[in-house]
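Inspection log for the structure reproduced underneath, given as structure tokens.
Taken together, the values in this text are just the output of simple stated rules run on the coordinates, not laboratory data. Please read all numbers here as calculations on a predicted model, not as lab measurements. Every residue, glycine as well, gets a Cβ built from its backbone with ideal geometry; the counts of neighbours run over all protein chains shown.
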């Protein structure tokens, strides 16, 4: 899938392959940055390429501009069917942030979820201290969902609250 942006750069999605791992893992320059996109699900910082192999069991996608790896995310089914797909492990090369790559990558992912899998809804979680990611998700069209109980993680000795967002397709 391909998306032409205003700046004439072409962004495409392709299936993740293991040769992308070193590049993706290099984007986390510190513990806080790592936990903001991984929530510690993959292990403690820094994780190995082998630990990152966990994503092979998910629908994992790499976003590329020309042949340059720009971003990464996964999708998974929270239930047995494909009515809802959940995005996770969303990360963009820090050198490319603020240029619209995250937004375009997610738009392609949403299009894929709808057109290929027939999803009726997509969802994701984001830590409230990850304001740039939250703003990106809102710009794409995700809406806040109020849950009876907010999911909380203990990260680096702090309590991080996770906001829930979704979009009906």
Checklist entry - Based on DSSP, what percent of beta bridges with both residues in segment 2-122 are antiparallel, to the nearest 5? => result 90 percent
Item to check | R0 of 30 Å, Cβ-Cβ distance residue 32-residue 144: FRET efficiency to nearest 0.05 | outcome: 0.85
Checklist entry - When the chain is fully extended, how far beyond the present Cα-Cα distance does residue 161 get from residue 95, taking 0.36 nm per residue of separation? => result 21.1 nm
Next on the checklist: How far apart, in nanometres, would the label points at residue 80 and residue 67 be if each is projected 7 angstrom from Cα along the Cα-to-Cβ direction?
Outcome noted: 4.5 nm
Next on the checklist: So if I average 1/r over every pair of distinct C-alpha atoms in the chain and take the inverse, what Kirkwood radius in Å does that give?
Outcome noted: 16.3 Å
Item to check | Debye log10 I(q)/I(0) for segment 21-87, one point scatterer per Cα, at q = 0.13, 0.16, 0.24 Å⁻¹ | outcome: -0.41, -0.61, -1.15
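With an 8 Å cut-off on Cα pairs and a minimum separation of 6 or more residues, tell me the relative contact order of segment 2-122 in percent.
Value for segment 2-122: 26 percent.
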